[in-house]
Amino acid sequence: MEAKNWIEKTVAFVKETLQNAEGGHDWWHTYRVWQNARTIAATEQVDLITVELGALLHDIADAKFHNGDEGIGPAVARAFLLGILVEKDRTEHIENIIRNISFRTNIGSNSEKFDSKELAVIQDADRLDAIGAIGIARAFNYGGFKNRSLYDPNVPANLNMTKEEYAKSSAPTINHFYEKLLLLKSKMKTETGKKMAEDRHSFMEKYLLQFYKEWGGH
Ligand code: ADP
Ligand code: NI
């Protein structure tokens, strides 16, 4: 009863807060991550309420849009959760989840280590939304937003970027597949997450083959 109320209130809060968010991190990204997380959680021994609340709040305040402040997301989530009377322990767990998931690419990450099964489920759920058909759509949407070219055969992918180079990169969007998207499958932590990633991964591979075929006029 209580839990259902928490979820409903959190959905309303997140929808409201993300009203003006950019396309890649809007309410519907959160919604998909929430659904992925529920699917994965069904086959894991986890606290479902923590998974759902964490998934719903994971992008509540992206550091990219708050002058790089990594602390704001966890702080906003904490204030909100305590406000709707979620227990302190659970609130702190969710805060930790959000803090750790926000080291998004893990490039040169030096986060103090926090780990939990609930974090693994949400991390997998978030990564799944970056691959497959949705991932392709998000990548080209982001590339368009940054005015990047689709593909340039003369610009090879760079697999050894530092965090700074990655942030500044103006490479064509196709490169992002090799620099990030095709690497996510091997980072999945849960069994169900791995299975879901397989399917989405092979869809991206097929997509790329078709892309190059069409590029060459076939
Ligand atoms: P996260 O989803 O972990 O918050 P980002 O904010 O970096 O990661 O990315 C949001 C979406 O935009 C993701 O789907 C990601 O793949 C895509 N994206 C990020 N960087 C690039 C890029 N250089 N080229 C194309 N798509 C990108
Ligand atoms: Ni996300």
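The values are calculated or read from the model by the stated rules, or taken from the named source; none is laboratory data. These figures come from a predicted structure and were not determined experimentally. We place every Cβ from the backbone using ideal geometry, glycine too, and count neighbours over all the protein chains shown.
Exactly one residue among 143, 193, 132 is on the phi > 0 side of the Ramachandran plot and small (Gly, Ala, Ser), and that residue is 132. On the stretch given as the range 57-69, residues that are within 11 Å of ligand 2 (Cβ to nearest atom) and either small (Gly, Ala, Ser) or modelled with pLDDT of 75 or more (or both) total 4. Test residue 184 against the stated conditions and say whether it is without any contact (Cβ under 8 Å) to a residue 60 or more places away in the chain, within 16 Å of ligand 2 (Cβ to nearest atom) and more than 18 Å from residue 144 (Cβ to Cβ). So residue 184 fits the description; yes. For residue 142, the test of being at pLDDT below 90 and within 11 Å of ligand 1 (Cβ to nearest atom) is failed.
Among the conditions (1) surrounded by fewer than 17 Cβ atoms within 10 Å (Cβ to Cβ); (2) among the acidic types (Asp, Glu); (3) part of a helix (DSSP H, G or I), the only one that residue 118 does not satisfy is (1). Taking the conditions exactly as written (surrounded by fewer than 19 Cβ atoms within 10 Å (Cβ to Cβ) and either modelled with pLDDT of 95 or more or touching a strand residue (DSSP E or B) at 6+ places or on another chain (Cβ under 6 Å) (or both)), does residue 8 satisfy them or not? For residue 8, the condition - surrounded by fewer than 19 Cβ atoms within 10 Å (Cβ to Cβ) and either modelled with pLDDT of 95 or more or touching a strand residue (DSSP E or B) at 6+ places or on another chain (Cβ under 6 Å) (or both) - is met. Among the residues of the range 121-136, those identified as hydrophobic (A, V, I, L, M, F, W, C), crowded, with 20+ Cβ neighbours inside 10 Å and assigned to a helix (DSSP H, G or I) are 121, 122, 125, 128, 136.
Whenever a residue of the range 75-96 is outside any loop (DSSP other than H, G, I, E, B), its partners that are among the basic types (Lys, Arg) and surrounded by fewer than 21 Cβ atoms within 10 Å (Cβ to Cβ), lying with C-beta atoms within less than 6 angstrom and at least six residues away or across chains, give the pairs 91/78; 95/78.
For the range 87-109, the condition holds for at least one residue, the condition being that it is at pLDDT below 95 and more than 17 Å from the chain's Cα centre (by Cα).
Can you tell which of 192, 162 is among the β-branched types (Val, Ile, Thr) and at pLDDT below 95? The match here is 162. Does residue 72 qualify as being among the β-branched types (Val, Ile, Thr) and without any contact (Cβ under 8 Å) to a residue 12 or more places away in the chain? Yes. For residue 196, state whether it is over 20 Å from residue 140 (Cβ atoms) and either out of contact with any strand residue (DSSP E or B) (no Cβ under 7 Å at 6 or more places or on another chain) or free of Cβ contacts under 8 Å to residues at least 60 places away in the same chain (or both). Taking the combined requirement at face value, the residue satisfies it. Residues of the range 21-52 being more than 16 Å from ligand 1 (Cβ to nearest atom) and not in a helix (DSSP H, G or I), which ones? Result: 42, 43, 44, 45, 46, 47. Filtering 36, 67, 20, 96 for residues that are of a type in the set (S, T, N, Q), under 23 Å from residue 139 (Cα atoms) and surrounded by 15 or more Cβ atoms within 10 Å (Cβ to Cβ) leaves a single hit, 36. How do the pairs read when you match residues in the range 22-38 that are among the basic types (Lys, Arg) with residues anywhere that are modelled with pLDDT under 95 and away from ligand 1 (no atom under 12 Å from the Cβ), using Cβ under 6 Å and keeping only pairs 6 or more apart or on different chains? Qualifying pairs under 6 Å: none.
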